[in-house]
Amino acid sequence: MSNHLPDFPPDRFAITAHCPCGHSAQIDYRLLPPETLVNSLRPRLICKVCGKRDPSLNIHWSGAGGFKYQSG
């Protein structure tokens, strides 16, 4: 498996950004070009709460549209 967004279909995966300030947000990556690499998202993201860049990213498997893991 590569690291491109289509490798993580939104019906089975969620990509969440976590800022050191404590803010978390799920990324709606369906609007991004399919050739986008997951690792290339980090430097492009800016926290809406504190303005910091380069958050940590988590990819959560949600199965076939059922259970979704949520931390904290």
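General observations
- Distance between the modelled labels on Arg30 and Arg42, one decimal in nanometres: 2.7 nm (7 Å Cα→Cβ projection).
- Protection proxy ranking for 30-36, 3-9, using the average of other Cβ atoms within 10 Å per residue and placing the highest first: 3-9, 30-36.
- For the range 1-48, the convex hull drawn through the C-alpha positions has a volume of 86 cubic angstrom per residue.
- The range 46-65-the range 16-40 distance, computed between alpha-carbon centres (Å): 5
Readers should treat all values here as calculations from the given coordinates under stated rules, not as data from a laboratory. This is a predicted model, so every value here is computed, not measured. Cβ sites come from the backbone with ideal geometry, for glycine too, and all protein chains shown count toward neighbours.
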